[in-house]
Structures are given as C-alpha cells and as structure tokens.
Amino acid sequence: MTEQTIPNKIDVHDFSFFYGDFQALKRLNLPIKEKQITALIGPSGCGKSTFLRAINRMNDTIPGIRAEGQILLDGEDIYAPDVDVVELRERIGMVFQKPNPFPKSIFENVAFGPRVLKMTNRRDELHQMVRESLEGAALWDEVKHRLKDSAMNLNPGQQQRLCIARTIAVQPEVILMDEPASALDPVATLHVEDLMRTLAENYTIVIVTHNMQQAARASDWTGFFWLGELVEFNKTSALFSSPERELTESYITGRRG
Amino acid sequence: MKRQQTDKIARIAITIVAALVVIPIILVILFIIINGIGTLSWEFFTQPPGNGMKEGGIMPALLGTIILTFGTAIAAIPLAIGAAIYLAEYAKENRLTRWVRIAIVNLAGIPSIVYGLFGLGMFVLFMGFGTSIIAGSLTLGIMTLPVVISASEEAILAVPQEFRVVSLSLGATKWQTIRHQVLPQALPGIITGIILGLGRAAGETAPILFTVAAFYLPELPRSAFDQTMALPYHLYVISTQVPGMPMDVQYGSALVLLLLVLSMTLIATVVRTGMRRKREW
C-alpha cells in the first residue's frame with residue numbers, strides 16, 4: 001500500500017480548542033492514517049496533549065472548555081451534538097503517562113472494560129478476552145500464573161503493559177498514548193515501543209512524546225506542535241531527514257525547545 | 001535564656017498539655033468501670049428490670065438500643081451516601097448544592113433535644129407513627145446524617161482522580177465509574193463514618209425521649225410501631241426518676257452503654273487503620 005492509498009482514520013479540519021479565553025489549539029489540520037503510528041512532538045505546553053485528549057473528549061470534564069472546527073472519526077464529527085461520549089471512548093482508548101492500574105488484581109484490571117461494556121456474561125469468554133489482551137500487550141507469559149495478584153505488585157514497565165492490555169481489552173479502533181514510556185526505564189521503554197509496532201497491525205495509534213528518538217524510531221507519521229499550532233506534519237522519515245520549516249529543524253536538532 | 005532552651009521548654013509544655021487531654025477520658029472510664037463492674041452478670045444482661053427497677057437487669061433497654069441503632073442505620077445510610085455521592089461527584093456550584101451544604105452544616109449544629117421535639121411533631125404526630133421504633137429511628141437517622149455525609153464525601157474525594165479518568169477512558173459511564181471504582185475504594189472511609197455516627201446515635205437520650213423510649217416496658221417490641229426501652233433513657237430514668245435506686249445498678253447500666261459506644265468507636269478505628277495499611281495508591 002502506498003502512503004496515498006492508506007485511508008484516514010481521523011481527519012482534523014480547522015480544529016481549535018479553548019480553555020476559557022486561552023486558545024490552546026489553533027486551527028489544526030491533519031490526517032491520522034489507519035493502522036499507522038502517528039507521533040505528536042513539541043515542547044511542554046505546545047498543545048499536543050490537549051489535542052490528544054480532544055480526540056476522545058477527555059477534556060470534557062474540565063469546565064469552561066470550547067471546541068471549534070471538526071475532528072472526523074470515519075467521517076463522523078466527534079464534537080457533533082448527538083455524539084455519545086461514552087460510545088466514542090469505547091472506540092478510542094487511551095494509555096496514560098504514568099502507569100495507573102486500578103488497585104485490584106491483574107485479572108480484574110483487564111476484565112473491567114469488557115465487564116462494564118457488557119461484552120460478555122460468560123466466565124470462560126471473559127477469561128479468553130483477558131488472556132488475549134494480556135498476550136496482545138506482551139505480558140501474558142509474565143503474569144499467567146498470578147492473575148489474582150494485585151496489579152500494584154508489578155514493576156512499572158509491567159504495569160504500563162497491563163494498562164495497554166486493559167485498553168485493548170475494550171477492542172478500540174484507535175489507541176491514544178500520552179507519553180506512555182516517560183515514566184519507564186530504557187529497557188521497559190523499548191519493550192513498549194516494540195509493542196506499539198505490533199499493535200499498529202490492528203490499531204490506529206497516536207502517541208504524544210517528548211522523546212525525539214522515540215518519535216523517529218517508532219512512528220510512521222509525525223506532527224510538530226509549537227504554541228498551539230501544527231507547524232509541520234509529514235512522514236516521520238521525511239520530517240526528521242528534511243524538515244521543511246526552520247522551526248522544526250531547530251527543534252528536532254535540539255537547538256530550540 | 002538561649003533559644004534552644006526555650007525550644008526545649010516549649011516542647012515539654014506542649015507535650016504535657018496534650019497528655020492532659022487524655023486524663024479526663026481515662027478518669028471517666030475508670031470511674032464507671034470500678035463502680036459498675038460488680039453489677040455485670042449474666043442475669044443483668046438477660047433479665048428485665050424488676051421491683052420498681054431497683055433489681056433485675058437491663059435486657060429490654062439494651063436490646064431496644066440495638067434495634068434503634070439498626071433502625072437509624074436503615075434510615076440514615078441511603079440518604080447520607082446518596083447526598084455524599086451527589087456532593088462529591090455530581091454537584092456543580094448551583095443553588096441546589098448550596099442548599100444541600102447549608103442544610104448539612106445546620107443539621108450538625110442543631111441541639112439534640114430539638115431533634116427530639118421535631119421527631120415528636122413530624123413522625124409521632126403528623127405522620128401518625130406514634131411513639132414507636134420507626135419514629136425514633138427516623139429522628140436519630142436525621143441527627144446522624146451530617147456525620148455520615150461529611151465522612152463519606154471526604155472518603156469519596158480522597159479516591160485519586162486518575163482512576164475516574166481511566167475508567168471513563170475505557171468507555172465506562174459516570175455511574176459505572178462511581179459504582180465500580182470510586183465507591184469500593186471509598187468504602188472503608190464510608191463505613192468508618194457510619195459507625196461513628198451510629199455510635200453517637202446509640203448514646204443519645206434527647207431525640208428518643210418523646211419519639212420512642214418507654215419508661216418501663218418489660219416485654220420486647222413486636223413491630224416497628226411499638227415503643228421500646230432504650231439504654232440511654234433507661235439510665236436517665238433510674239438516675240433521676242426512681243427514688244432509692246441502688247447506685248451499683250446505675251453504674252452497671254452506664255458501663256454497658258459506655259462499652260457499647262466505645263466498642264463501636266474502636267471498630268471504626270480498626271477499620272480505618274486497616275484500610276490505611278491496605279491502601280495501595
């Protein structure tokens with residue numbers, strides 16, 4: 001498949017986002033390609049996390065927010081008034097910066113999503129879902145004999161993979177990752193990056209990262225954010241080898257940011 | 001004097017002052033135990049009072065207080081937890097929220113005798129329950145609300161926000177998030193608040209004075225619409241209303257009431273300590 005023929009899972013059209021009077025995102029336009037990894041880079045406060053959270057409407061809980069423009073998921077505007085936010089979040093999962101398993105057993109962590117979404121009421125099917133999710137997150141072999149153990153006893157790298165397993169148990173179409181490796185050591189980070197590559201066979205992934213090497217290594221597409229604007233968006237290889245804008249170049253080479 | 005010396009003196013003085021707080025409670029407990037322990041016997045717990053209450057036991061009063069405590073729990077817990085969930089999870093700064101908060105603060109400040117009179121007017125007379133377990137339980141229940149609401153709200157707010165965010169991000173509804181993530185984690189704190197509130201209700205005299213408590217009723221109640229004896233009121237009666245009442249019976253009754261209330265407080269403390277140790281976030 002050439003890059004032109006990869007369908008867009010998400011289309012962003014002139015999307016702006018406000019916290020009260022402060023405009024955090026300024027008329028963004030970009031495609032998120034299906035079953036590809038899109039990295040969002042930029043300095044702290046540039047709006048990349050705000051944009052990520054706008055995609056599954058996790059910003060909705062903050063008072064005084066306002067969105068303009070469109071984010072289309074499979075052509076449907078997720079900010080349309082008739083959109084059911086709960087349903088949207090079933091389709092768009094999220095992995096957070098800090099590993100944050102529930103203070104419950106490993107099994108219960110993964111089973112939570114399928115349970116509340118009533119995906120099955122059969123014990124064996126639920127068990128199968130938990131197993132597949134843990135396998136999908138490359139954690140099954142490490143925890144298969146202690147599924148009833150507290151998730152808090154896992155190390156941070158395992159906890160983060162557990163959180164990924166918990167997210168894919170809901171069988172979302174898109175997975176948003178907010179600096180998923182920033183709290184992990186280098187080995188665990190590589191683990192998660194490998195995992196992302198595998199996950200991209202089945203899921204559309206959007207990842208926010210501070211880590212330039214990570215974006216270069218692990219993503220297919222990269223968007224560079226600066227002060228709420230999308231400065232540049234391109235294939236990762238192109239953006240890193242021959243950035244079109246001077247600002248992008250100075251940021252990725254570490255002279256700015 | 002050198003600053004370091006002043007510092008030492010301040011520390012000693014403050015420690016002594018803090019220690020003084022413990023003395024009254026120890027004295028009260030010791031005094032009651034020493035004077036009342038001789039009266040406690042199997043008969044004292046299992047027999048009704050006899051011979052103009054000068055002899056026999058306290059069984060109907062003790063059982064009545066236990067029944068009233070359960071009745072209070074049934075009346076107060078659903079309202080209190082509902083209000084706490086509303087305030088902690090749903091409340092926006094609007095008029096309803098302000099009214100609920102004002103109501104809670106004022107409920108906590110009302111003298112207990114006023115609850116008793118309110119219960120008489122509202123439940124006994126207006127709603128026609130008569131002096132009955134149901135009227136007494138409702139009165140005590142309302143009095144217990146502020147303690148349980150405040151403790152529950154605090155316990156709910158103490159659950160870290162990130163668990164709510166994660167739960168929502170997995171497609172759970174707000175109610176599922178509260179039901180499956182927030183409440184289970186807040187439960188030990190809520191239970192502590194409930195036990196403390198009920199402990200206070202169990203020891204109160206004024207709210208049951210006009211609403212349920214019987215002066216002397218050796219038979220046990222048969223339904224929620226019957227009167228019952230209750231330990232705090234019984235203690236009041238035998239201490240002030242019965243001439244020639246033997247002191248040891250009075251102290252014995254006081255000791256049982258004290259043990260009942262203290263054991264509830266103790267359970268609450270154990271639950272809270274246990275949960276602090278188990279908490280993993």
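See the values below:
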read-out: Selection count where residues are free of Cβ contacts under 8 Å to residues at least 40 places away in the same chain and in a loop (DSSP other than H, G, I, E, B), scope region A:135-169; value: 4
read-out: Strands (runs of 3 or more DSSP E) wholly inside region A:171-257 that include at least 2 residues being over 27 Å from A:GLN159 (Cβ atoms); value: A:221-226, A:229-235
read-out: When residues of region A:59-107 are limited to those that are among the basic types (Lys, Arg) and either at the interface with chain B (Cβ under 10 Å from one of its Cβ atoms) or not in a strand (DSSP E or B) (or both), the one farthest from the chain's Cα centre (by Cα); value: A:LYS104
read-out: Some residue of region A:16-26 being of a type in the set (Ser, Thr, Tyr) and touching an Asp or Glu at 6+ places or on another chain (Cβ under 7 Å); value: yes
read-out: Residue among B:ALA268, B:ALA230 that is closer than 30 Å to A:PHE102 by Cβ, away from chain A (no Cβ under 14 Å), under 16 Å from the mean Cα position of the chain (by Cα) and buried (at least 18 other Cβ atoms within 10 Å of the Cβ); value: B:ALA268
read-out: Positions within region A:108-134 being closer than 12 Å to A:CYS163 by Cα and either basic (Lys, Arg) or at the interface with chain B (Cβ under 10 Å from one of its Cβ atoms) (or both), in sequence order; value: A:GLU108, A:ASN109, A:PHE112, A:GLY113
read-out: Flag if A:GLY228 is more than 20 Å from A:GLU34 (Cα to Cα) and buried (at least 17 other Cβ atoms within 10 Å of the Cβ); value: yes
read-out: Failed condition for B:VAL159, given (1) within 14 Å of chain A (Cβ to nearest Cβ); (2) without any contact (Cβ under 8 Å) to a residue 12 or more places away in the chain; value: (2)
read-out: So B:SER137, is it of a type in the set (S, T, N, Q) and within 16 Å of B:LEU209 (Cβ to Cβ); value: yes
read-out: Any hit, region A:120-127, residues being crowded, with 20+ Cβ neighbours inside 10 Å and β-branched (Val, Ile, Thr); value: no
read-out: Subset of region A:154-167 that is within 13 Å of another protein chain (Cβ to nearest Cβ) and crowded, with 24+ Cβ neighbours inside 10 Å - its residue that is farthest from A:ALA218 (Cα to Cα); value: A:ARG166
read-out: Filter result for B:ALA84 (touching a residue at least 24 places away in the same chain (Cβ under 8 Å), under 22 Å from the mean Cα position of the chain (by Cα), within 30 Å of B:GLN227 (Cβ to Cβ) and part of a helix (DSSP H, G or I)); value: no
read-out: Region B:162-205: number of residues that are within 14 Å of chain A (Cβ to nearest Cβ) and assigned to a loop (DSSP other than H, G, I, E, B); value: 4
read-out: Residue, surrounded by the most Cβ atoms within 10 Å (Cβ to Cβ), within region A:173-218, restricted to residues that are polar (S, T, N, Q) and closer than 28 Å to A:ARG255 by Cα; value: A:THR209
read-out: Verdict on B:LEU209 being crowded, with 20+ Cβ neighbours inside 10 Å and within 14 Å of chain A (Cβ to nearest Cβ); value: no
read-out: Residues located in region A:84-105, provided they are β-branched (Val, Ile, Thr) and in contact (Cβ under 8 Å) with a residue 24 or more places away in the chain; value: A:VAL85, A:ILE92, A:VAL95
read-out: Considering residues of region B:44-77 that are over 14 Å from B:LEU260 (Cβ atoms) and within 17 Å of the chain's Cα centre (by Cα) only, the residue surrounded by the most Cβ atoms within 10 Å (Cβ to Cβ); value: B:ALA76
read-out: Odd one out for A:ILE41 among (1) away from chain B (no Cβ under 12 Å); (2) in contact with a Leu (Cβ under 6 Å, 6 or more places away or on another chain); value: (2)
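Read-outs throughout are calculated quantities, based only on the coordinates presented, and are distinct from any laboratory measurement. Note that the structure is predicted; figures quoted are calculated from it, not measured. No Cβ is skipped: glycine too gets one built from the backbone with ideal geometry, and neighbour counts run over all protein chains shown.
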